[in-house]
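Colleague: Input: one structure, supplied below.
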Amino acid sequence: MNIYLLPLRFPDNHLLPDLASSISHAFNLTVLLLEKPLSLKEGYDPVRNQYNSTWILAQILKLFPEENCKILGITGLDLYVPVLTFVFGEAQLDGKAAVVSSFRLRDELYGLPKNAEKLKDRLEKEAIHELGHTFGLIHCHDPNCVMFTSTYAEEIDFKFIELCPVCSEFLKKSFHL
């Protein structure tokens, strides 16, 4: 099984090599960059000025309907699901596709100075978190685990990039990773 990274209007392509390395380390799988055009125009909500992450997941799934893989869309766009103001990402639980956005992971969005290292760390943690869902992992109760839920960008900073022992054991038993 491979994990594919699919940049979708992602302005920080220089982050992709480190992101791929962190994901590969977390899941012990090969991570490949996927260059496929995907129009996101229909997923845009002009009233909210955001993109529907569930719609994006559906489009990602059309790229690889049969292959045994995981696909992570990576974007710089602001994402939402209808019941929430925004999301950092979304994934199919025990499925194939996930999407993560760097938009709300940036300190400058909150009036703070730009911090490239913090953006990189947050993006890696959220990417691993969303991919964890595709492997069947749910939100963890351990605040240090990467699978712990985060509502605010600052909360991501307190999590480790690794899975806790419980989540790690689940992954090993379920997928032999």
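Colleague: Among the numbered conditions (1) in contact with a Lys or Arg (Cβ under 7 Å, 6 or more places away or on another chain); (2) of a type in the set (V, I, T); (3) under 15 Å from G132 (Cβ atoms), tell me where T75 comes up short.
Modeller: Condition not satisfied by T75: (3).
Colleague: Evaluate the following for L33: is it of a type in the set (A, V, I, L, M) and surrounded by fewer than 21 Cβ atoms within 10 Å (Cβ to Cβ)?
Modeller: The answer is yes for L33.
Colleague: Give the residue that is farthest from S102 (Cα to Cα), with candidates limited to residues of region 49-60 that are among the hydroxyl-bearing types (S, T, Y) and part of a helix (DSSP H, G or I).
Modeller: So the residue we want is T54.
Colleague: Having 3 or more residues that are over 21 Å from R48 (Cβ atoms) is the bar; report the strands (runs of 3 or more DSSP E) wholly within region 67-177 that clear it.
Modeller: Details: elements: 69-75, 89-91, 97-101.
In region 67-177, the matching strands (runs of 3 or more DSSP E) lie at 69-75.
Colleague: In region 1-48, what count of residues is obtained for those that are assigned to a helix (DSSP H, G or I) and in contact (Cβ under 8 Å) with a residue 24 or more places away in the chain? Spell out the reasoning first.
Modeller: Here is the first cut: in region 1-48, the residues assigned to a helix (DSSP H, G or I) are 13-27, 41-43.
Filter once more, keeping what is in contact (Cβ under 8 Å) with a residue 24 or more places away in the chain: 15-16, 18-19, 22-23, 26-27.
Residues in region 1-48 being assigned to a helix (DSSP H, G or I) and in contact (Cβ under 8 Å) with a residue 24 or more places away in the chain: 8 in total.
Colleague: Looking at L105, L163, can you tell me which residue is surrounded by 17 or more Cβ atoms within 10 Å (Cβ to Cβ) and touching a Lys or Arg at 6+ places or on another chain (Cβ under 6 Å)? Step through it out loud before you land on a result.
Modeller: Details: L163 fails: touching a Lys or Arg at 6+ places or on another chain (Cβ under 6 Å).
Criteria check complete, one pass: L105.
Colleague: Then there's this: Quickly run through region 128-149 and pick out the residues that are within 10 Å of A91 (Cβ to Cβ), hydrophobic (A, V, I, L, M, F, W, C) and touching a residue at least 60 places away in the same chain (Cβ under 8 Å).
Modeller: Listed by number, the residues that qualify are L131, F135.
Colleague: So, of the residues in region 54-70 that are loosely packed, with under 15 Cβ neighbours inside 10 Å and in contact (Cβ under 8 Å) with a residue 24 or more places away in the chain, which turns out to be farthest from L40 (Cα to Cα)?
Modeller: N68
Colleague: Would you check which residues across region 86-101 are out of contact with any Lys or Arg (no Cβ under 8 Å at 6 or more places or on another chain) and over 16 Å from Y4 (Cβ atoms) and list them?
Modeller: Let us first name the residues in region 86-101 that are out of contact with any Lys or Arg (no Cβ under 8 Å at 6 or more places or on another chain), namely 87, 89-95, 99-101.
Listed by number, the residues that qualify are V87, E90, L93, D94, S101.
Colleague: While we're looking at this one, here's another question. Quick one: what pairs do we get from region 152-169, first residue farther than 13 Å from H129 by Cα, second among the hydrophobic types (A, V, I, L, M, F, W, C) and at pLDDT 95 or above, C-beta under 6 Å, 6+ apart or different chains?
Modeller: Short answer, once both residue conditions are applied: A153/L105.
Colleague: For region 71-102, give me each residue that is in contact (Cβ under 8 Å) with a residue 12 or more places away in the chain, closer than 16 Å to D45 by Cα and of a type in the set (A, V, I, L, M, F, W, C).
Modeller: Across region 71-102, the qualifying residues are L77, L79, V81, F86, V87.
The values are calculated or read from the model by the stated rules, or taken from the named source; none is laboratory data. Nothing here was measured: the structure is a model prediction, and the numbers come from that model. Note that we place each Cβ from the backbone using ideal geometry, even for glycine, and neighbour counts take in every protein chain shown.
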